[in-house]
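Enquirer: I'd like to ask you about the structure that follows.
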Amino acid sequence: MQDMKFSRFNAWTYTENHELILYNSMTGALATFEKPQSNEILIALKRNEVLSIPTELISIFLEDGYIVKDGMDELKKINDLVNKRQALTDEYFFSILMNLDCNFKCFYCFESLTGEYLDDIVSQKIISMIDKVSKSAKKISVDWYGGEPLLSFDK
Ligand code: SF4
């Protein structure tokens, strides 16, 4: 147990009922703990003391990724996963937000329609990026997104 550390991807919150909700964004693990375990875990997390975790939870915490082996480089693991994923594909999918404007004003709209539009500098960067990947891509898809992307039809 001495060669363990908390994952850098842990996030938690503590409710009014003294429940601890613990999430790990690397593994997607999500768990809720009640008193008295929640207090013990919270103290351990705040003090960064893996040894203060209730013993019966250690194997579960390891399995769910809340704690990891001391020598593990989680950032490298993420990086390796990203590189592996990128190497697997020769297809690209772009979702391009053209504006935050709309002429419909639907009552159920959840968008923040601030009236902003994609500017020329960012547009050129997007064009350059797509031009670059198009040299090796077998397929490129574009999702025109907004607001209402057709308000940016000229661009
Ligand atoms: S962005 Fe979509 S949901 Fe919002 S007002 Fe326009 S059409 Fe309606």
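Enquirer: Do we have any residue at all in segment 124-136 that's among the aliphatic types (A, V, I, L, M), under 24 Å from residue 9 (Cβ atoms) and under 26 Å from the mean Cα position of the chain (by Cα)? Break it down stepwise before answering.
Expert: Within segment 124-136, the subset among the aliphatic types (A, V, I, L, M) is 126-127, 129-130, 133.
Now narrow it down to the ones that are under 24 Å from residue 9 (Cβ atoms): none.
So far as segment 124-136 goes, no, none of its residues is among the aliphatic types (A, V, I, L, M), under 24 Å from residue 9 (Cβ atoms) and under 26 Å from the mean Cα position of the chain (by Cα).
Enquirer: Then there is this: In the list 76, 135, which residue meets the criterion of being within 30 Å of residue 28 (Cβ to Cβ), without any contact (Cβ under 8 Å) to a residue 24 or more places away in the chain and among the basic types (Lys, Arg)? Quick ask: steps written out before the conclusion?
Expert: Working: 135 fails: within 30 Å of residue 28 (Cβ to Cβ).
After applying the criteria, what remains is 76.
Enquirer: In the set 143, 119, which member is within 16 Å of the ligand (Cβ to nearest atom) and modelled with pLDDT of 95 or more? Walk me through it before giving the result.
Expert: On the way: 119 fails: within 16 Å of the ligand (Cβ to nearest atom).
From the options 143, 119, the qualifying one is 143.
Enquirer: I've got another one for you. Would you mind stating whether residue 20 is touching a Phe, Trp or Tyr at 6+ places or on another chain (Cβ under 8 Å), surrounded by 16 or more Cβ atoms within 10 Å (Cβ to Cβ) and over 20 Å from residue 74 (Cα atoms)?
Expert: Working: touching a Phe, Trp or Tyr at 6+ places or on another chain (Cβ under 8 Å): yes; surrounded by 16 or more Cβ atoms within 10 Å (Cβ to Cβ): yes; over 20 Å from residue 74 (Cα atoms): yes.
It is true that residue 20 is touching a Phe, Trp or Tyr at 6+ places or on another chain (Cβ under 8 Å), surrounded by 16 or more Cβ atoms within 10 Å (Cβ to Cβ) and over 20 Å from residue 74 (Cα atoms).
Enquirer: Can you list the strands (runs of 3 or more DSSP E) found entirely within segment 6-116 that contain at least 2 residues being within 16 Å of the ligand (Cβ to nearest atom), hydrophobic (A, V, I, L, M, F, W, C) and at pLDDT 95 or above?
Expert: Numbers: elements: 10-14, 20-24, 30-33, 67-69, 91-97.
Filter on segment 6-116 gives 91-97.
The values are calculated or read from the model by the stated rules, or taken from the named source; none is laboratory data. If you're wondering where the values come from, they're calculated on a predicted model, not measured in any experiment. Here the Cβ is made from the backbone with ideal geometry for all residues, glycine too, and neighbour counts use every protein chain on show.
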